[in-house]
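The values are calculated or read from the model by the stated rules, or taken from the named source; none is laboratory data. Computed from a predicted model, the values in this text were never measured in an experiment. Every residue, glycine as well, gets a Cβ built from its backbone with ideal geometry; the counts of neighbours run over all protein chains shown. With ligands, DNA and RNA removed, areas are computed over all heavy atoms of the protein, side chains included. Shrake-Rupley method; radii C 1.70, N 1.55, O 1.52, S 1.80 Å.
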Amino acid sequence: MSTPGTRTVLVLLDSAATELRSPVLELLTIGRALGRVEAVALEAPSVGVLAQLGAHGVALVRQAEPSSGGEVVTGDALHLTPVVAEVLAAAARASHADAVLLTSSFPNKEAAARLAFLTEAGLVVDASALHDDGTHLVADKRVFAGSWDVRSEILTDPAVLTLRANSVAPQPADAAVATEVEALRVELSPAATAARVVSRTVDESAGAGRPALGEAAIVVAGGRGTNGDFGPVVELADALGAAVGATRDAVYEGWHDQFVGQTGVTVAPRLYIGAGISGAPHHRGGMQASQVIVAVNNDPECPLFEISDFAVVGDLADVLPQAAEVLREHRASQG
């Protein structure tokens, strides 16, 4: 049995060389509620990142220095999921970690599964909350396309979890600390370095200063009701600082490049606005875990209205630009 608040929690830093994104700061906030947080970096943390970590109460960063056959592993190979898993396994052993937390990106989910296998750990993917019941760590998540809430008690040490973005609001620690960087030397297995990066596609979803779709706090999505004109959707998203998504049909028509759904990007933002979207089961399965859902549709019988917190019956080409204008006026009045 562990006294709540005394556990050691490892958090993987996805972007240590630049700036920590909100989903990672959420992990630090969650981890701090469980006990002492240590970070694991795949590259040297920047000065700005060290300041962020200090503000969030992280006193130690374990910077990976993996090698294979005497040669240091660098570049894209550092981020291969077998390499990440073995680095995290070494960090977990060094720190006697009770839990290892990762953001819920597709590569991190694979790395978490590999890590759980290496450490014989219990694994929960896409958790929405995590707490300590005094005996074990307990994770909440939504399953069956967001229609059921389940609670999983993790019986192993360590526990390995990926947590969805927007699980908590990031909060700095009550008092900042000085953050030290400690080298973590890892000799990788031949299996870890057997994979090679053949090509890499840059995710353009966060273009124009927008957050990535899978981790955005606000998402504005369009469907067939846009008739191919995503201008009003983009305008409202820009006014809100939101990510832009679409339905599967809209993507197949070539109107947008990322769709929200069971086989697309699964999102759980604090605010989801669906415009011109009927609400097919495939789409609902990818967004109905959102905290607040707003639907705009000219069909009063739109199925998406059934799960919406706010429903607007009207033409999205009229409603969305008006909403964007009000938001811009409000922001201007606030200085």
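Scanning segment 7-58 for residues that are farther than 18 Å from LEU161 by Cα and of a type in the set (Ser, Thr, Tyr) yields SER15, THR18, SER46.
If you check ALA173, ALA221, ALA192 for being buried (at least 20 other Cβ atoms within 10 Å of the Cβ), in a loop (DSSP other than H, G, I, E, B) and touching a residue at least 40 places away in the same chain (Cβ under 8 Å), only one passes: ALA192. Might you let me know whether segment 62-70 holds any residue that is part of a strand (DSSP E or B), within 25 Å of ALA289 (Cβ to Cβ) and either of a type outside the set (Phe, Trp, Tyr) or without any contact (Cβ under 8 Å) to a residue 12 or more places away in the chain (or both)? The answer is no; no qualifying residue exists.
Within segment 135-161, take every residue that is part of a loop (DSSP other than H, G, I, E, B) and of a type outside the set (Val, Ile, Thr) and give me the one that is most open to solvent (accessible area, probe 1.4 Å).
Once the filter is applied, the top-ranked residue is PHE144.
Of all residues in segment 140-158, those satisfying the criterion of being in contact with a His (Cβ under 8 Å, 6 or more places away or on another chain) and closer than 27 Å to THR266 by Cα are GLU153, ILE154.
Summed over segment 141-164, residues that are in contact with a strand residue (DSSP E or B) (Cβ under 7 Å, 6 or more places away or on another chain) and within 26 Å of ALA242 (Cα to Cα) total 6.
The residue list ASP98, ASP14 contains one member that is touching a Lys or Arg at 6+ places or on another chain (Cβ under 9 Å), more than 18 Å from LYS109 (Cβ to Cβ) and not small (Gly, Ala, Ser), which is ASP98. In segment 17-38, is there at least one residue being in a strand (DSSP E or B), under 21 Å from the mean Cα position of the chain (by Cα) and not polar (S, T, N, Q)? Within segment 17-38, one or more residues are in a strand (DSSP E or B), under 21 Å from the mean Cα position of the chain (by Cα) and not polar (S, T, N, Q).
For segment 117-124, the count of residues that are open to solvent by 20 Å² or more (accessible area, probe 1.4 Å), in contact with a helix residue (DSSP H, G or I) (Cβ under 7 Å, 6 or more places away or on another chain), in a helix (DSSP H, G or I) and closer than 29 Å to VAL197 by Cβ is at least one.
Does ARG164 fit the bill of being surrounded by 12 or more Cβ atoms within 10 Å (Cβ to Cβ), of a type in the set (Lys, Arg) and at pLDDT below 95? Answer is yes for this residue.
Residue pairs whose Cβ atoms lie under 7 Å apart, separated by 6 or more positions or on different chains, with the first residue in segment 98-111 and over 13 Å from ALA127 (Cα atoms) and at pLDDT 95 or above and the second part of a loop (DSSP other than H, G, I, E, B) and of a type in the set (S, T, N, Q), are ASP98/SER2. Checked against the criterion of being over 30 Å from THR119 (Cα atoms) and surrounded by 14 or more Cβ atoms within 10 Å (Cβ to Cβ), the candidates VAL181, VAL267, VAL251 yield just one match: VAL251. Just wondering, is there one or more residues in segment 88-101 that are over 16 Å from ARG185 (Cβ atoms), open to solvent by less than 20 Å² (accessible area, probe 1.4 Å) and not in a strand (DSSP E or B)? The answer is yes, given that some residue of segment 88-101 is over 16 Å from ARG185 (Cβ atoms), open to solvent by less than 20 Å² (accessible area, probe 1.4 Å) and not in a strand (DSSP E or B).
Of everything in segment 264-280 that is in contact with a Pro (Cβ under 9 Å, 6 or more places away or on another chain) and at negative phi, the residue that is modelled with the highest pLDDT is ALA275. Looking at SER46, SER68, which is the one that is open to solvent by 10 Å² or more (accessible area, probe 1.4 Å), small (Gly, Ala, Ser) and under 22 Å from the mean Cα position of the chain (by Cα)? When all the criteria are applied, what remains is SER46. In segment 1-16, the qualifying residues are those that are in contact (Cβ under 8 Å) with a residue 40 or more places away in the chain and in a loop (DSSP other than H, G, I, E, B), and the one that is least open to solvent (accessible area, probe 1.4 Å) is ALA16. Residues satisfying the criterion are present in segment 113-124 (criterion: at pLDDT 95 or above and touching a Gly at 6+ places or on another chain (Cβ under 9 Å)). Across segment 25-43, the qualifying residues are those that are in contact with a Ser or Thr (Cβ under 6 Å, 6 or more places away or on another chain) and within 21 Å of SER105 (Cβ to Cβ), and the one among them that is surrounded by the fewest Cβ atoms within 10 Å (Cβ to Cβ) is GLU38. Taking residues in segment 23-50 that are more than 21 Å from GLY214 (Cβ to Cβ) and among the acidic types (Asp, Glu), and partners anywhere that are in a strand (DSSP E or B) and open to solvent by less than 10 Å² (accessible area, probe 1.4 Å), the pairs with Cβ atoms closer than 7 Å and at least 6 places apart or on different chains are GLU38/LEU10.
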